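What follows is calculated from the coordinates using simple rules that are stated; it is not laboratory data. Being a predicted model, the structure only gives us computed values, none of them experimental. Quick reminder, even Gly has a Cβ in these numbers, built from the backbone with ideal geometry, and neighbours come from all protein chains shown.
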Amino acid sequence: MNKLFISILFLVFSCSSFSAAPSCSSAYGGYCAYVGKVDRIYINSGNLILLYFDTPMSIETASDAGLTVTNGGAAAYNMSDNLEFAKMFYSTALAAQASGREVNIQMRGTQSGYLKFDRIWLSAP
């Protein structure tokens with residue numbers, strides 16, 4: 001009986017640690033937003049940063065903001081667009097991931113089939 005109770009508690013609390021998928025709106029010219037954990041962050045030699053969401057969104061959701069994407073699992077940014085912003089974003093996302101803190105990311109436009117992020121907030125510990 002104790003093992004069953006502990007298993008149920010573990011299941012309840014582990015499921016509640018997942019973030020909501022990004023949501024999109026047509027307000028303010030159309031944007032999408034994500035509040036949650038940084039699942040993974042990736043950068044390649046082609047100057048593309050990918051930030052993976054803890055919970056992917058359905059690609060159809062992007063149409064609420066007037067956007068078309070082919071991948072709802074991450075947001076992207078081309079470092080060549082603004083190197084200084086890209087460095088600051090990457091370091092903020094790494095700090096969030098290392099500390100287990102949530103971020104609030106807004107995305108406007110698309111990049112390489114992903115939503116294109118353009119701002120980030122780091123939640124308080």
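Which ones in the range 46-73 are polar (S, T, N, Q) and under 10 Å from the mean Cα position of the chain (by Cα)?
Result: 55, single match.
Would you call residue 125 in contact with a Cys (Cβ under 9 Å, 6 or more places away or on another chain) and not small (Gly, Ala, Ser)?
no
Would the range 105-118 turn up any residue that is in a helix (DSSP H, G or I) and either polar (S, T, N, Q) or in contact with a His (Cβ under 6 Å, 6 or more places away or on another chain) (or both)?
Looking for residues that are in a helix (DSSP H, G or I) and either polar (S, T, N, Q) or in contact with a His (Cβ under 6 Å, 6 or more places away or on another chain) (or both), one finds none in the range 105-118, hence no.
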